[in-house]
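Worksheet for the structure shown next.
The values are calculated or read from the model by the stated rules, or taken from the named source; none is laboratory data. The model shown is predicted, which means the values in this text are computed figures rather than measured ones. Here Cβ is always computed from backbone atoms with ideal geometry, including for glycine, and neighbour counts include all displayed protein chains. In case anyone asks, the SASA skips ligands and DNA or RNA and just uses the protein heavy atoms, side chains included. Shrake-Rupley method; radii C 1.70, N 1.55, O 1.52, S 1.80 Å.
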Amino acid sequence: MRSYLPAFACKAPASLDEALVTLASEPGKWTPLAGGTDLMVLFESGKLPPGHFLSLWKLPELRGIEVTDDAITLGALTTYAEVREHATVAFELPMLAAAARESGAIAIQGRGTLGGNIMNASPAADSPPALVAYDAEIELVRASGARWVRYRDFHTGYKVMDRAPDEILRRIRIPRRDPGQHWVHFYRKVGTRRFQAITKVGIAAIGRVEGGVARDVRVAFTSVAPTVLAAARTEAALEGQAFGPGLVAAARAATRADVTPIDDIRSTERYRHQVAENLADSFVHALFAQKA
Amino acid sequence: MGRTVGTSAPRKEGVDKVTGAARYVDDLVMDGMIHGVTVRSRVAHGRITGIRFDPGFPWDEIVVVTAADIPGRNMVTMIEEDQPFLAADLIKHPEEPVVLLAHADRDLVIEAAKHVHIEVEELPAIFSIDDGLAADVRLFKDDNVLKRFLIEKGDVDAAFAEPGLVVVEGEYETGAQEQLYLEAMGMIAVAAPGKGVTVWGSLQCPYYVHKALKPLFGLGDGEVRVIQAVTGGGFGGKEEYPSLIAGHAALLSWKAGGVPVKVIYDRAEDMVATTKRHPSRTRIRTAVKPDGELVAMDVVFDIDGGAYATLSAVVLSRGAIHAAGPYRCPNSRIHARAVATNHPPHGAFRGFGAPQSCFAYERHMERVAEAVGLSSVAIRRKNLLGPGDLTATSQVVEDQIDFPALLDQALEASDFEAKRAAFAKHNADPASHTRKGIGVATFYHGGGFTGSGEVHLASVVGVEALRGGRARVLAASTEIGQGTNTIFSQIASDALGVPYEWVEVAAPDTGRVPNSGPTVASRTCMVVGKLVQDAAGAVVTTLRKAGLLGEEHTPEQLAAAVDSYLERFGELRTFSQYKPPAGIVWDDKTYRGAAYAAYGWAAYVAEVEVDLVTYEPHLRGFWAVQDIGTVINPLLAAGQVEGGVTQAIGWALFEEVRWREGRMINNQLTNYIIPTAADVPPIHVAFAPVPFAHGPSGAKGVGELPMDGPAPAIVNAIEDALGIDVRRVPALPEVVMEAVLAKRAAAGEVQHV
Amino acid sequence: MSDAEARAERLAVTFTVNGVEKTVETLPMKRLLDVLREDLALTGTKEGCGEGECGACSVFVDGRLVNSCLIPALQVEGSRVDTIEGLARGGELHAVQRAFLEAGGAQCGICTPGMVLAAVDVLRKHPNPTDEQVREGLAGNLCRCTGYMKIFDSVMTAALAIASRDGEGAA
Ligand SMILES: Cc1cc2nc3c(=O)[nH]c(=O)nc-3n(C[C@H](O)[C@H](O)[C@H](O)COP(=O)(O)OP(=O)(O)OC[C@H]3O[C@@H](n4cnc5c(N)ncnc54)[C@H](O)[C@@H]3O)c2cc1C
Ligand code: FES
Ligand code: FES
């Protein structure tokens, strides 16, 4: 049963500054509200505690996708629909575009934001693995200033992150890659069905092959750990290595050691382990298939 | 006048539905209306020791109803009388209704419900068929068996003792399934002493609700009125539970002095509290000759009925009658039990037990085929029923069906044999990341109530002739999306000889329409449709007898005749009542004889491709060929088949009800997974009509048949793809993975998990 | 309620619905779905789940297809909202509505208003859609009755009708 509507105060500041001042006035009192596709679900099912909400939805400072020579910067309010429609993003960040395309379905994509996806900190979210694999940095702002954080280090535990109560996420910056190099982007979401599906296991991985060996490998998983998982062992197992059955086995074993899945309402620990390994295996094949 | 039967006449209420003008119960607003909510038990089994209301709420402003407020009998009238409207003392399942609240401020009353605490002394609870049968915890009589049937033919024990037979055994399971009509349930009631009870709601069977409300308030027939609002799907789910909600809304209104009370369930409440498809377990033992001819079948079919008897007996009956499949087998024994547990009562859902037993026998046929070295197709072809053969209830098949030809039609349409061969090649390729398979199922489904059920119902339909030759069909059969309004109008307009547009169907309202029986069991077209035809025909006969109409007539002549008749006599209404076709004999004691007046017959084919990285079975195509008699409206009939097939795809591959202590814990659409537009394969529907002499223009039923065959066809295809023997649905990727890994382990391959 | 220290204040929210400007007095977090159905008596927008899964509550906000059950009233201040009631113009059904009638796209009808709007969205983006585009475009709108086949047919029928009408218009 839904939460008690009259106990939900909400206001919409006219500018980012006003929002930050409000947040700073009583840190922790106000909860940011973006597209609402996470918060309103909690509200409807009675799981959202009453309180004060600050709607960011119409703040222009948090919108827009900017492309410069060395980075693509996306405002926190960038919706999945906007990600999908942006040609440079689709071309250079195909894993982020894939995550957007496969998140929820059209109507969710028109409202759900990247910032909300990050800050909701679900271990099953779909854009975080792509952001980890793309070496994203995020900017957190508060009335007293702003700071950039490497996204890979942002989530520190289940729903725990490196955020002060009066901070909001302003934007996400992704470095552009050398177009002269050939990168293999490997993204796969394994959900409960094709769309409108929460991920049971997901992977975003990127790398290139130079002189027959894997270089600059990044591997991230979702839904197999308390947070989005940067699979450091898997990355290390691949970096500098040449293709062969031994490498596939090593990658599988490293992934097995990286992930710590659980049984839950959507899947089993055994399934997640097995499929995560299979996905790592597929990535290794895809990575080297390009050069073959 | 051109016939409209056989054409795809447009849906009667279509314009209202595509414009958003159609009024469902939650769209209705009445003056002074207040909102009701239900407070439910958290535990599965226990004794109520008290009800506590948190301080700090304006309780004096809130209407509060408990069992003590019930003016009449606290018992839902169904088959057995064992389910209360509100638990008074004993709680037998999670989410059992205990307290009702109502207030004009909906937010307030929803919040108030969270502050009512039902104090309970817990009792041990049971949640499985085996624990039910063990009867250490007694829920129903001595043995927890809500209902039992034994259906025997020939001499099974003697047959198994014959030498030279191959014996095949198997055990199969199916899970609960949520109907998931997209409109959650709801009711509005106005009730007050001296004024009677009126309810409007989302429901399938107005007269069931009517029957249940009378004793609740101690009122007579004329004092209770039940009106169906436009209803957003039912699939059986709105057959019995609406009686409870109607009772609840009416009790609140009664206590509140007659103000309208609206009770609307949200999705989570609808899923957690109301009925689902019965989980089942079937054990089959078969004796077969080395050439594949079936000699004997011994079936034990058990279903989990949940905490109260409700409709379990009839679900069990249908499941049991179909449990030996559409096969010629001289000796069969079907022992069926519905077992009580502390789950919320399971109930009606499209197919009514038959999909459960069909999954078992159609998976089992693969084992039989394997045992005698025949193909999936050959084993079926050899044993399919035909005219003159005897079913498991010893009913002589009267339908002039050519079942092997129907099977061939499905095989040809799907290119079955060629695909089996091509897929075997694909699957042998080590570089491939998928495995492909194709599977078939043959099955049948009886139309109408079982055995003497229709005789007991004795349904009545009326047709009222109106000025200008317009006509109105009077029936309690409800439009729940399946097209009742449209096919009744088609049948009546043909019988009257007037255009389709001239006929309308009265909104089901027990104050205005006769009891044409419940809208269930694939009976609406075949049984009630026939009554519509007869009642409409009686209008013509009456006009002829009155000398106003000749042997042949145009619509205009009929219009003129009706007008003069009305002038002379005031009104023209004709009624028709069910009479069983001659020669239909059924024995309720031995469960022998003509179980159904007619059957639908079908052969379905599923094609799958399983991803070896994720173990997801993706459906690539589905072919559904069936005989449902004359097809009254091809567009609607195909829509029924496609919808049924898709529900069955959900049951086969996605839909798992997850229980904790008897309570559904995935009662949200985010984690109870039904197929979306992106998950269904192209579904190819074909009809092979064999007209049925006693149906309207030769029609039989279509509603339930398409739910039966898809699950086994799909799992048979998965077996063809991977060589794994999955014996339960849903065949989730997790289940497929375990079977694949087990098979690899058995083959000595290295294993990690 | 007693444990909630927060107290929402009602506020006036102004937005256009089907081309007409409306102002409603509402609590800020009230769902757009409820504002439409209760405050504006536009009951064509349906609730199937309240959790963003089923699409029965689909409407357009500023031209984007969204789930109105997930949008707090205060967020539509100044927005343009289009619902099923605004689709038929001057008593004439939209091509998609006609196609749903013709091709059997509606059964019980409860998913239909949302489904029709999602279909309109598909055809705006892809006037000549592929099967896959239709499936993906409708994947957020659950239907339990039809098995979707007749809905796909309806979308394709509408695409043809729109193309031939536009063709005539151009000629
Ligand atoms: C039907 C459905 C399907 C979905 N499918 C998917 C899916 O496939 N994959 C997936 O990953 N997710 C999915 N989601 C979840 C959700 O849509 C996403 O997480 C979305 O990105 C959330 O964004 P939002 O703007 O709507 O978040 P909101 O609900 O507005 O906020 C989410 C959280 O983030 C915080 N927040 C938002 N913006 C900021 C900010 N700028 N600074 C600080 N904190 C902020 C909020 O306080 C809140 O805690 C689905 C949701 C629904 C309802
Ligand atoms: S009611 Fe909004 S998506 Fe279901
Ligand atoms: S027509 Fe009933 S849910 Fe779609």
Please work out if B:THR77 is surrounded by 15 or more Cβ atoms within 10 Å (Cβ to Cβ), of a type in the set (Ser, Thr, Tyr), out of contact with any Ser or Thr (no Cβ under 6 Å at 6 or more places or on another chain) and closer than 29 Å to B:HIS346 by Cα.
-> yes
C:THR23 passes all but one of (1) within 14 Å of ligand 1 (Cβ to nearest atom); (2) within 25 Å of C:ALA6 (Cβ to Cβ); which number fails?
-> (1)
If you take the residues of region A:197-207 that are in contact with a helix residue (DSSP H, G or I) (Cβ under 8 Å, 6 or more places away or on another chain) and of a type outside the set (Gly, Ala, Ser), which of them is farthest from the other protein chains (Cβ to nearest Cβ)?
-> A:ILE206
Quick check: anything in region A:178-196 within 16 Å of ligand 2 (Cβ to nearest atom), modelled with pLDDT of 95 or more and of a type outside the set (S, T, N, Q)?
-> yes
Does C:GLY137 count as in a loop (DSSP other than H, G, I, E, B), buried (at least 19 other Cβ atoms within 10 Å of the Cβ), more than 15 Å from ligand 2 (Cβ to nearest atom) and without any contact (Cβ under 8 Å) to a residue 40 or more places away in the chain?
-> no
Residue hits (region A:247-289; open to solvent by 10 Å² or more (accessible area, probe 1.4 Å), touching a residue at least 40 places away in the same chain (Cβ under 8 Å), within 9 Å of another protein chain (Cβ to nearest Cβ) and in a loop (DSSP other than H, G, I, E, B)) are A:ARG266
Could you please give the count of residues in region C:51-76 that are more than 16 Å from ligand 3 (Cβ to nearest atom), in a loop (DSSP other than H, G, I, E, B) and at the interface with another protein chain (Cβ under 7 Å from one of its Cβ atoms)?
-> 3
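So for region B:685-700 (the condition being within 14 Å of chain C (Cβ to nearest Cβ), touching a residue at least 40 places away in the same chain (Cβ under 8 Å), in contact with a strand residue (DSSP E or B) (Cβ under 9 Å, 6 or more places away or on another chain) and not charged (D, E, K, R)), does at least one residue qualify?
yes
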Of the candidates B:ILE303, B:ILE284, the one satisfying the condition of being in a strand (DSSP E or B) and within 16 Å of B:VAL657 (Cβ to Cβ) is B:ILE303
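Does region C:107-121 include one or more residues that are farther than 20 Å from A:ALA105 by Cα, open to solvent by 10 Å² or more (accessible area, probe 1.4 Å), modelled with pLDDT of 95 or more and more than 16 Å from ligand 2 (Cβ to nearest atom)? Working first, answer last.
Step one: list which residues in region C:107-121 are farther than 20 Å from A:ALA105 by Cα, which gives C:107-109.
Those left that are additionally open to solvent by 10 Å² or more (accessible area, probe 1.4 Å): C:107.
From what's left, modelled with pLDDT of 95 or more: C:107.
Filter once more, keeping what is more than 16 Å from ligand 2 (Cβ to nearest atom): C:107.
Looking for residues that are farther than 20 Å from A:ALA105 by Cα, open to solvent by 10 Å² or more (accessible area, probe 1.4 Å), modelled with pLDDT of 95 or more and more than 16 Å from ligand 2 (Cβ to nearest atom), one finds at least one in region C:107-121, hence yes.
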Please find, within region A:101-116, the residue that is nearest to ligand 3 (Cβ to nearest atom) out of those that are touching a residue at least 60 places away in the same chain (Cβ under 8 Å) and away from chain C (no Cβ under 12 Å).
-> A:THR113
Output the residues belonging to region B:265-298 that are open to solvent by less than 20 Å² (accessible area, probe 1.4 Å), under 15 Å from B:CYS329 (Cα atoms) and either among the basic types (Lys, Arg) or modelled with pLDDT under 95 (or both).
-> none
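How about region A:116-150: which of its residues are assigned to a helix (DSSP H, G or I) and more than 9 Å from the chain's Cα centre (by Cα)?
A:GLY116, A:MET119, A:ALA133
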Here are some residues: B:VAL29, B:VAL76, B:VAL65. Which one is in contact with a helix residue (DSSP H, G or I) (Cβ under 9 Å, 6 or more places away or on another chain), free of Cβ contacts under 8 Å to residues at least 60 places away in the same chain and among the aliphatic types (A, V, I, L, M)?
-> B:VAL29
Would you be able to say whether some residue in region B:404-418 is within 27 Å of B:VAL520 (Cα to Cα), out of contact with any helix residue (DSSP H, G or I) (no Cβ under 6 Å at 6 or more places or on another chain) and open to solvent by less than 50 Å² (accessible area, probe 1.4 Å)?
-> yes
Any hit, region B:88-95, residues being in contact with a helix residue (DSSP H, G or I) (Cβ under 8 Å, 6 or more places away or on another chain), buried (at least 21 other Cβ atoms within 10 Å of the Cβ) and within 18 Å of B:LEU252 (Cβ to Cβ) = no
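If a residue must be open to solvent by less than 20 Å² (accessible area, probe 1.4 Å) and within 9 Å of chain B (Cβ to nearest Cβ), how many such residues does region C:77-98 contain?
4
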When residues of region A:50-72 are filtered for being within 14 Å of ligand 1 (Cβ to nearest atom) and either in contact (Cβ under 8 Å) with a residue 40 or more places away in the chain or under 20 Å from C:VAL76 (Cβ atoms) (or both), how many remain?
-> 13
Selection over region B:480-536 where residues are hydrophobic (A, V, I, L, M, F, W, C) and part of a loop (DSSP other than H, G, I, E, B) yields a count of 7
Within region B:648-704, track down each residue that is modelled with pLDDT under 95 and within 16 Å of ligand 3 (Cβ to nearest atom).
-> B:GLY703
For region C:103-142, enumerate the residues that are within 7 Å of chain B (Cβ to nearest Cβ), out of contact with any Ser or Thr (no Cβ under 7 Å at 6 or more places or on another chain) and hydrophobic (A, V, I, L, M, F, W, C).
-> C:ILE110, C:CYS111, C:VAL116, C:LEU138
Can you find a residue in region C:18-29 that is surrounded by 22 or more Cβ atoms within 10 Å (Cβ to Cβ), within 14 Å of the chain's Cα centre (by Cα) and not assigned by TED's automatic domain parsing to the domain that holds C:VAL116?
-> no
Provide a single number: the residues in region A:1-48 that are away from every other protein chain (no Cβ under 11 Å), at positive phi and surrounded by 22 or more Cβ atoms within 10 Å (Cβ to Cβ).
-> 0
Please tell me if A:LYS189 is within 14 Å of ligand 1 (Cβ to nearest atom), basic (Lys, Arg), within 22 Å of A:ARG266 (Cβ to Cβ) and away from chain C (no Cβ under 14 Å).
-> no
Taking region B:124-161 as the search range and keeping residues that are hydrophobic (A, V, I, L, M, F, W, C) and assigned to a helix (DSSP H, G or I), which one is nearest to B:GLY319 (Cα to Cα)?
-> B:ILE129
With the condition kept exactly as written, say whether any residue in region B:180-198 is outside any helix (DSSP H, G or I), in contact (Cβ under 8 Å) with a residue 60 or more places away in the chain, more than 16 Å from ligand 1 (Cβ to nearest atom) and of a type in the set (Lys, Arg).
-> yes
